[in-house]
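Here, each number is a calculation from the coordinates, and none is a lab measurement. What you see is a predicted model; the values in this text were computed from it and never measured. FYI the Cβ positions are ideal-geometry reconstructions off the backbone, even for glycines, and counts take in every protein chain you see.
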Amino acid sequence: STRSFNFGAYHPLETIYSWMDTLVAQYPHLVTKEEIGRSYENRPMYVLKFSTGGNKRPAIWIDLGIHSREWVSQATGVWTANKIASDYNTDASLTSLLNTMDIYMLILTNPDGYAYTHSNDRMWRKTRSKNPGSVCRGVDPNRNWDAGFAGPGASKNPCSDSYHGPSAHSEIEIQNVVNLIKSHGNFKSFISVHAYSQLLMYPYGYNCRDVPHQQELDTIGRTAVEKLAVLYGTRYKVGSICKIIYQASGGSIDWSYNLGIKYSFAFELRDTGRFGFLLPANQIIPTATETWQALKYIMVYVRDHPY
Amino acid sequence: ERVFTGDQVIRINVQSEEDLQLLRVMETQEEWELDFWLHPVTTELPVDIRVPRSSLSSVKEYLHAHAIAFTVVMENLQEVLDEEKAEMEMNQMQER
């Protein structure tokens, strides 16, 4: 049962995949698990779909853990998926949202990397694909999207943690997501969740120009982080990737925005000071709980502003 | 399994554009094998670096030489990882 699952702990990939089955079993009329493809090392990639019916309704995409060592993001995904399922029919705004839109959630976007962080190298960030001609493995999956690919803020060195890969969408994990988003064709929001440094960002990363919807995205972001801060006072910065972190090409939300998904955002979840990628497990639920306030605000906004 | 015994994570609260430039030079020092958890991009955000044990003295000398203040966030990364792993194992046993 999902009731006996410890959401305040970090879990290996197999446990999370197994937990997904219990979630589906517990909420069969709301949650389905769909395999969207396989990873480089042939692990299944499962997306949880929250839907109350219909086919290809307007949808919201949430992916987590594209950088495998950012463990609090995957853990937040598990908590959030359970929250969505358990709050349907009790939380009015979420219920109303799910009555008109679907939510797709990819909790383990980089399954090979995640497994590798549990078995071999806790600090691993990239995929695990082999790079011909190099002893170094892996591509930074958030430099691999077809959005200013191989431009500033990505490395051409396969040994770098920000290696962009040989070509856009060379990583099967990225291609799987691209295929789903494109074949569906009705996503209205695309949200990527990372950790850490407490930021809520919107496009662009591959250049520093304002996107056409900059003002609206900025206003949404600022309101979302106000909601987030109510619980624990966690302070976030809001802005475009380029302006509040650094120029970085080949990022997921730049790709989604250019595809026409206006409400594209990326979170960098909390650190609380001195833990970085090693946020203690007792911080998972507070992190997820506060993040939920911002996520819900964005999702409801998307529902109320069709385009 | 890769171990990080003696690796430290240091934090630099960047004071100036000059500091940023000096920290960016560190990013190009491949022989130090630094792992930038937070990169030097702005004076508004800290810079966190995992420094392998083998590079600690060189890195600290460099920072001291340029009067860049830093704090040690994690004295020994492996100890933190061991604690994390032990906690995970305990949780798994409880769930069983």
When a footprinting reagent is the concern and you count Cβ atoms within 10 Å, what order do A:Lys237, B:Lys85 take, fewest first?
-> B:Lys85, A:Lys237
Under a plain spin-label model, where a point goes 7 Å from the Cα along Cα-to-Cβ, how far apart in nm are B:Arg2 and B:Val25?
-> 2.8
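Counting Lys and Arg as +1 and Asp and Glu as -1, what is the net charge of the other residues whose Cβ lies under 11 Å from the Cβ of A:Val193?
On the way: positive: none; negative: A:Asp63, A:Glu70, A:Glu268.
For residues surrounding A:Val193, the net value is -3.
What shape does chain A have by the C-alpha gyration tensor, where a ≥ b ≥ c are the square roots of the eigenvalues, rounded means a/c under 1.5, and otherwise prolate means a/b greater than b/c and oblate the rest? It would help to have the intermediate numbers written out before the result.
Values: a/c = 1.34, a/b = 1.16, b/c = 1.15.
Since a/c stays below 1.5, the shape of chain A is classed as rounded.
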Rg in Å to one decimal, and Dmax rounded to a whole Å, for chain B via C-alpha atoms | 15.9, 54
Between the residues A:Ala92, A:Val135, A:Asn176, the Cα farthest towards the positive end of the dipole of region A:89-194, that dipole coming from +1 and -1 charges on the beta-carbon of Lys, Arg, Asp and Glu, is from A:Val135
Mind pulling the angle between the C-alpha long axis of helix B:56-65 and the longest principal axis of chain B? Nearest 10 degrees, somewhere in 0 to 90.
-> 30
With unit charges on the beta carbon (Lys/Arg positive, Asp/Glu negative), name the residue among A:Thr15, A:Asn110, A:Ala294 whose Cα is farthest towards the positive pole of the charge dipole of the protein assembly as shown.
-> A:Ala294
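How big is the dipole moment of the protein assembly as shown about its Cα centre under a simple scheme where the beta carbon of each Lys and Arg is +1, that of each Asp and Glu is -1, and everything else is neutral? Debye, nearest 20, please. Intermediate results must be reported in sequence, preceding the final value.
Details: 38 positive and 47 negative charges, 221 e Å.
My answer is approximately 1060 debye.
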Loop-resident sites, region B:16-58, for chymotrypsin sites (Phe, Trp or Tyr not before Pro), counting at most 12 other Cβ within 10 Å (DSSP) | none
Residues whose placed amide H lies under 5 Å from that of B:Val73, excluding near-sequence neighbours = B:Val9, B:Ile10, B:Arg11
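Within 10 Å of each Cβ of B:39-46, how many other protein chain Cβ atoms are there on average? Display every interim value, and only then the final one.
Numbers: counts 5, 1, 6, 5, 0, 2, 7, 3.
Neighbouring Cβ atoms belonging to other protein chains average 4 per residue here.
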Sorted largest first, extent of region A:25-87 alpha carbons per principal axis (Å) = 34, 24, 24
Region B:1-44-region A:236-307 distance, computed between alpha-carbon centres (Å) = 24
State, to one decimal in nm, how far the label point of A:Lys56 lies from the label point of B:Arg53, with both points 7 Å from Cα in the Cβ direction.
-> 5.7
³J(HN,Hα), Karplus 6.51/-1.76/1.60, whole Hz, each residue of region A:102-112, x for Gly, Pro = 9, 10, 10, 10, 10, 6, 10, 6, 10, x, 5
Run the dipole for chain B about the Cα centre, Lys and Arg Cβ at +1, Asp and Glu Cβ at -1, nothing else charged, and hand back the magnitude in debye, nearest 20.
-> 120
Could you go through region A:35-42 in sequence order and give the Karplus-derived ³J(HN,Hα) for each residue, using 6.51 cos²θ - 1.76 cosθ + 1.60 with θ = phi - 60°, rounded to whole Hz, and x for Gly and Pro?
-> 7, 9, x, 10, 7, 3, 8, 6
Tally Lys/Arg at +1 and Asp/Glu at -1 over every other residue whose Cβ is under 14 Å from the Cβ of A:Tyr236; what's the total?
-> -1
With a Förster distance of 41 angstrom and the Cβ-Cβ distance between A:Asn179 and A:Thr289, calculated FRET efficiency to the nearest 0.05 equals 0.80
Helical mean residue ellipticity (222 nm; -39500 (n - 2.57) per DSSP H run of 4+; nearest 500) of the protein assembly as shown = -12000 deg cm²/dmol
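With respect to the cross-link table entries A:Lys156/A:Lys243; A:Lys56/A:Lys130; A:Lys49/A:Lys296; A:Lys237/B:Lys85; A:Lys126/A:Lys237; A:Lys243/B:Lys60, which display a Cα-Cα separation exceeding 28 Å?
Working: A:Lys156/A:Lys243 23 Å; A:Lys56/A:Lys130 35 Å; A:Lys49/A:Lys296 16 Å; A:Lys237/B:Lys85 32 Å; A:Lys126/A:Lys237 25 Å; A:Lys243/B:Lys60 30 Å.
In this structure, A:Lys56/A:Lys130; A:Lys237/B:Lys85; A:Lys243/B:Lys60 exceed 28 Å between Cα atoms.
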Residue with peak Gaussian network fluctuation, chain A [Cα springs, cutoff 10 Å], from A:Lys243, A:Lys130, A:Lys188 = A:Lys130
From phi via Karplus (6.51, -1.76, 1.60), per-residue ³J(HN,Hα) for region A:278-289 in Hz, x at Gly/Pro | 10, 4, x, 4, 5, 9, 4, 5, x, 5, 5, 5
